[in-house]
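> I am attaching a structure below and will ask some questions about it afterwards.
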Amino acid sequence: MEKLKQAIRERGNVLSSEVLKVDTFLNHQVDVNLMAAVGEEFARLFKKDGITKVLTIESSGIAPSFMAASSLNTPLIFARKKKSLTMNENVYNSQVYSFTKRETNDITVSKDFINANDTVLIIDDFLANGQAALGLIDIVEQAGAKVAGLGIVIEKSFQDGRKKLEKDGYRVESLARIHELKAGHVTFVDELVT
Ligand code: 5GP
């Protein structure tokens with residue numbers, strides 16, 4: 001998605017060869033027009049897949065998922081990172097190791113919101129080693145529901161998340177695929193000369 005790649009180039013901040021900071025439009029301040037376009041693109045990609053729910057993870061997955069769910073006319077559910085006091089034991093639970101925070105979090109979704117009749121589109125802001133995606137897939141499968149695929153805003157293709165997900169048979173649609181982060185410069189997969 002050209003507009004997204006332009007935002008990454010112009011407003012992203014390469015923190016290291018592994019980490020891209022996008023606080024200017026996704027992870028802190030939200031560019032609502034760009035995120036609306038991102039959500040519409042996910043909806044376009046999955047419009048024939050009978051999606052009944054969109055699932056993401058708090059907090060940065062919410063902005064790019066909102067318009068996808070709106071365009072697909074489905075509810076949006078966000079997994080919570082810790083059991084809140086208002087949440088009882090009526091939850092699906094999985095564990096996710098956070099690439100950026102270097103810690104393991106419990107993620108939970110109420111059993112009221114996903115069931116065996118659902119076809120779920122999973123959306124997240126980044127795909128690195130696939131831990132967040134695999135945790136969300138685990139929750140959908142605990143519910144007996146179907147995973148239609150994964151919509152990723154920014155995939156770091158030099159990490160092995162996509163490989164793991166595709167090996168398990170899941171469809172991955174990433175709107176920007178990064179080949180390399182180097183000294184303040186981002187190279188995208190589709191810019192590589194073959
Ligand atoms: P994974 O679970 O695929 O290893 O990592 C994806 C999760 O870690 C995403 O939910 C995202 O919040 C975070 N993450 C991974 N890499 C980056 C990165 O380079 N920048 C930012 N801002 N978040 C990242």
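No value in this document is a laboratory result; all are computed from the given coordinates. Please read these numbers as outputs of a predicted model, since none were measured by experiment. When we count neighbours, we look across all protein chains shown, and the Cβ atoms used for this are built from the backbone with ideal geometry, even at glycine.
> What residues qualify as long-range amide H neighbours of Ile123, i.e. H under 5 Å apart, gap of 5 or more or another chain, H built at 1.01 Å from N?
So Ile123 has HN proximity to Leu55, Thr56, Gly151.
> Amide H of Leu26 versus every other amide H placed in the peptide plane: which residues, excluding those fewer than 5 positions away on the same chain, fall under 5 Å?
Those qualifying (amide H under 5 Å, at least 5 residues apart or on another chain) are Asp31.
> Using packing as a proxy for protection, rank 146-156, 10-20, 113-123 so that the peptide with the highest average count of other Cβ atoms within 10 Å comes first.
In decreasing order of mean packing, 146-156, 10-20, 113-123 become 146-156, 113-123, 10-20.
> In addition: Radius of gyration and Dmax for the range 81-194's Cα atoms, expressed in Å?
Rg then Dmax for the range 81-194, in Å: 15.8, 54.
> For the range 164-171, just list the computed ³J(HN,Hα) in residue order, Karplus coefficients 6.51, -1.76 and 1.60, θ = phi - 60°, integers in Hz, with x standing in for Gly and Pro.
4, 5, 5, 4, 7, x, 8, 7
> Give a residue-ordered list of calculated ³J(HN,Hα) values for the range 60-73 (Karplus: 6.51 cos²θ - 1.76 cosθ + 1.60, θ = phi - 60°; whole Hz; x for Gly, Pro).
Working through the residues one at a time gives 6, x, 5, 4, x, 8, 4, 6, 4, 5, 4, 5, 7, 6 Hz.
> Could you derive backbone 3J(HN,Hα) for the range 133-141 from the dihedral phi with the Karplus parameters 6.51, -1.76 and 1.60 (θ = phi - 60°), listing whole Hz in sequence and x where the residue is Gly or Pro?
4, 5, x, 5, 4, 4, 5, 4, 6
> Moving to a separate point now. Take the Cα pairs of the chain, get the Kirkwood Rh, then feed it into Stokes-Einstein at 10 °C and 1.306 mPa s and tell me D in µm²/s. Present the calculation step by step, with values, prior to reporting the outcome.
Details: Rh = 16.8 Å.
Estimated diffusion coefficient is 94 µm²/s.
> Cβ neighbours within 10 Å, averaged per peptide: list 95-106, 25-36, 58-69 in order, most packed at the top.
Averaged packing, sorted descending, gives the order 58-69, 25-36, 95-106.
> Cα-Cα over 25 Å: which of Lys47/Lys101; Lys3/Lys111; Lys111/Lys146; Lys21/Lys163; Lys81/Lys164?
In this structure, Lys47/Lys101; Lys3/Lys111 exceed 25 Å between Cα atoms.
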